[in-house]
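Step one of this worksheet: look at the structure below.
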Amino acid sequence: MSRSVRTRPEGSGQALSEAYDTALLDLDGVVYAGGSAIVHAVESLARAREGGMRLAYVTNNALRTPDTVAGHLTELGIPTGAEDVITSAQAVARLISEQVPQGARVLVIGGEGLRVALHERGLVPVESADDDPAAVVQGFGGADLPWGRFAEASYAVARGVPWFASNTDLTIPSGRGIAPGNGAAVEVVRIATGAEPQVAGKPLPPMHRETILRTGAQRPLVVGDRLDTDIEGAFNGDVDSLLVLTGVTDGAQLLAAPPQHRPTYVDADLRGMLGRQPEVAEAGEGAFRCGGLTATAGTDRLELDGEGEALDGLRALCAAAWTAAGEGTCELDGGKALARLGL
């Protein structure tokens, strides 16, 4: 599929919650951090929902069931039903069900979320490579997943049993820092077998397909904090995206983003769903203006002039950086300009 290369964040003459029918929201770094809601998230989501926008929560974490995720969100003050949660476990279970017979056995290396999703698709979870599985599936199993589970997967995969993974995120945030994610566990089996799994989670198409099938969205907006999962997933699904700066992406990473990692809109937090997005306009000779700030790409660095809101300056810098990079990655130094904006 051919598409034009995005060279600047877009503006919107109406609130995003009015322009799109469904928000496909990432969770960690967008709605909550650890066990607590991110500032402005609860009230922003309530206002979007009251205005008629459908809210769906999309996560690559295959450990927790939709019921568990919905319960956590409800406790945080965000009323949510299990039907509003889409997980990579659900996406990979559908992918498996399309390739093995109904009622087939599937060797599970992971947690309860995977088992529930497999049952939903009429598949039977098993625990051993000796149980004659028709497929092997790996999903995040938490800190207590025994090392022997990887051996079971390796035995079956080495025999030629089809191998699936919910996602390949190498890391996962925790209350104590960054921990190994399911991608690290997948690497263990890859090293042992030399095989490659079929992967369902963000940013790959099976996850986007799952969200559309379950929500019926006609004009979805992906909302996330990660360029390589949320924004790339929107790019692969050919839908618009909003990057919020409450998670892992910083200004420097955004300016250096290649085309598949460039969001449609950029805002500080989920309040960005509720208002108009300012236009980034050409200001002549390779300059771009947003609000009162103008950005240009110099010979070795990005320049910023004028006075205005920090986010407007960041949007203008994105336009200068992305235009200069074209289909590549901007290597101009944006450190001074970002420091001026406090970013």
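Any read-out appearing in this document is the output of simple, stated calculations on the displayed coordinates, not a laboratory observation. Everything numeric in this text was worked out from a predicted model, so none of it was measured. Glycine gets a Cβ as well: all are built from the backbone with ideal geometry, and neighbour counts include every protein chain shown.
Ranking Lys202, Lys336 by Cβ neighbours within 10 Å, fewest first, what do you get?
Result, fewest neighbours first: Lys336, Lys202.
In whole Hz, with x marking every Gly and Pro, tabulate ³J(HN,Hα) for segment 224-241 from phi via Karplus 6.51 cos²θ - 1.76 cosθ + 1.60, θ = phi - 60°.
Along segment 224-241, the couplings run x, 10, 10, 6, 8, 10, 5, 6, 5, x, 5, 4, 5, x, 6, 10, 6, 9 Hz.
Just report the Cα centroid separation between segment 74-95 and segment 302-343, whole Å.
36 Å
Using modelled backbone amide H atoms (1.01 Å from N, in-plane), which distant-in-sequence or interchain residues come within less than 5 Å of Asp28's amide H?
Result for Asp28 returns nothing.
From the P(r) of segment 251-321, could you give the percentage of C-alpha pairs in the tail past 21 Å?
22 percent
Once you keep just the Cα pairs under 8 angstrom separated by 6 or more residues, what percentage relative contact order results for the chain? Walk me through the numbers before you get to the answer.
Details: 750 pairs, mean separation 69.0, N = 343.
Taking the mean separation of contacting Cα pairs over the length of the chain, I get 20 percent.
Largest first, please: the extent of the C-alpha atoms of segment 16-117 along each principal axis, to the nearest Å.
Taking the Cα atoms of segment 16-117, the three principal extents are 44, 29, 19 Å.
Could you please tell me the mean projected area of the C-alpha convex hull for segment 281-341, averaged over all directions and given in square nanometres to one decimal?
Details: hull surface 14.6 nm².
Projected area, direction-averaged: 3.6 nm².
In cubic angstrom, how much convex hull volume per residue do the alpha carbon atoms of segment 89-197 span? Intermediate values should be presented prior to the final figure.
Values: hull volume 9.8 nm³, N = 109.
In segment 89-197, the Cα hull volume divided by residue count equals 90 Å³.
Note down the relative contact order for segment 89-197 as a percent, whole number, built from C-alpha pairs under 8 angstrom at least six residues apart.
24 percent
Would you mind ranking Ser36, Ser17, Ser97 by Cβ crowding within 10 Å, fewest neighbours first?
Ser36, Ser97, Ser17
Once amide H atoms are placed 1.01 Å from N in the peptide plane, what residues at a sequence separation of 5 or more from Ala135, or on another chain, have their amide H within under 5 Å of its amide H?
Here the answer is Leu107, since their amide H atoms fall under 5 Å of that of Ala135.
Which listed residue (Pro220, Leu123, Ala185) has the Cα farthest towards the positive end of the charge dipole for the chain, taking +1 on Lys and Arg C-beta and -1 on Asp and Glu C-beta about the Cα centre?
Ranked along the dipole, the leading option is Leu123.
Per the helix-only calculation at 222 nm, which mean residue ellipticity applies to the chain, given -39500 (n - 2.57) for every DSSP H run of n ≥ 4 and division by its residues, nearest 500 deg cm²/dmol?
-9000 deg cm²/dmol, from helical runs alone.
Sort Tyr155, Tyr265, Tyr20 so that the residue with the fewest other Cβ atoms within 10 Å of its own Cβ comes first and the one with the most comes last.
Taking fewest neighbouring Cβ atoms as first place, the list is Tyr155, Tyr265, Tyr20.
Report the Stokes-Einstein translational diffusion coefficient (µm² s⁻¹, integer) for the chain, Rh taken as the Kirkwood radius over Cα pairs, at 10 °C with viscosity 1.306 mPa s.
76 µm²/s
What is the magnitude of the charge dipole of the chain about its Cα centre, with +1 placed on the Cβ of each Lys and Arg, -1 on the Cβ of each Asp and Glu, and no other charges, expressed in debye to the nearest 20? Walk me through the intermediate numbers first.
On the way: 28 positive and 45 negative charges, 75 e Å.
Here the size comes out at about 360 debye.
Which value, in Å³ per residue, describes the convex hull spanned by the Cα atoms of segment 106-166?
Spelled out: Cα convex hull of segment 106-166, divided by residues, is 70 Å³.
Can you tell me the length gained on complete extension of the stretch Glu196 to Glu98, counting 0.36 nm per residue apart and subtracting the Cα distance?
Answer, rounded to one decimal: 33.4 nm.
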